[in-house]
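Beneath this line is the structure, given in structure tokens, with notes to follow.
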Amino acid sequence: MITKLDIEQVFAEQLKLVSDHDLRDKTVMLWVDMCAKGGWRSLTELEAMPFTLLTNARGISFLEHTIAVTEGAYALGKAMQKAYKKMPYTIDFDRLVVGGLLHDIGKLVEIESDGQGGYRKSFYGRCTRHPISGAIEAGQAGFGHEILNIIACHAKEGENRPQVIETVLIHQADFATFDPLTMLEKGLLIQS
């Protein structure tokens, strides 16, 4: 069983950035609950889980992706805050970090082991993509509408939909980590 302590250790650096203790604890507990719902029993299993089934993940795990997206969005927000003389909107960094940690939380029930060393979409995942299942589960856990917007709208489901600024930043970080892999697969990524 994956515990609260396990999740706190995996995301220790990112969780330190969240000043709202209740929001931080709720984030950790949603991770624990979703790991149980998805049947993930150990961190070793999570460390082996690919972050996507849409292209060759090239060994990048779901946990690594979650950290990269969270840190990438956070760094982008901080860069904008530092560089812009007149910031045209307010970035809620607690919401941004929590949104990064939870943006793909639905993948814990969307992806499952195929029993042969690989992974496949679960029945739940075939019925409901991770942005929707993640938003449903986060809503049931008591997260606010802004966090639900991040989860539900970070991928194609959010195209041409109203979004909080944190959703925009998470979306950009998410696709910055995904698009190069699909380009590499198609021979479109130029490498020197």
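Brief remarks follow.
- Pair list, Cβ < 8 Å and 6+ apart or interchain, from region 149-162 residues that are in contact (Cβ under 8 Å) with a residue 12 or more places away in the chain to residues that are of a type in the set (Lys, Arg) and surrounded by fewer than 19 Cβ atoms within 10 Å (Cβ to Cβ): 153/161; 155/129; 157/129
- Some residue of region 45-55 being exposed (fewer than 15 other Cβ atoms within 10 Å of the Cβ) and under 25 Å from residue 18 (Cα atoms): yes
- Flag if residue 71 is modelled with pLDDT of 95 or more, acidic (Asp, Glu) and loosely packed, with under 15 Cβ neighbours inside 10 Å: no
- Candidates 36, 75, filtered to the one that is without any contact (Cβ under 8 Å) to a residue 24 or more places away in the chain and of a type in the set (Gly, Ala, Ser): 75
The values are calculated or read from the model by the stated rules, or taken from the named source; none is laboratory data. Computed from a predicted model, the values in this text were never measured in an experiment. Cβ sites come from the backbone with ideal geometry, for glycine too, and all protein chains shown count toward neighbours.
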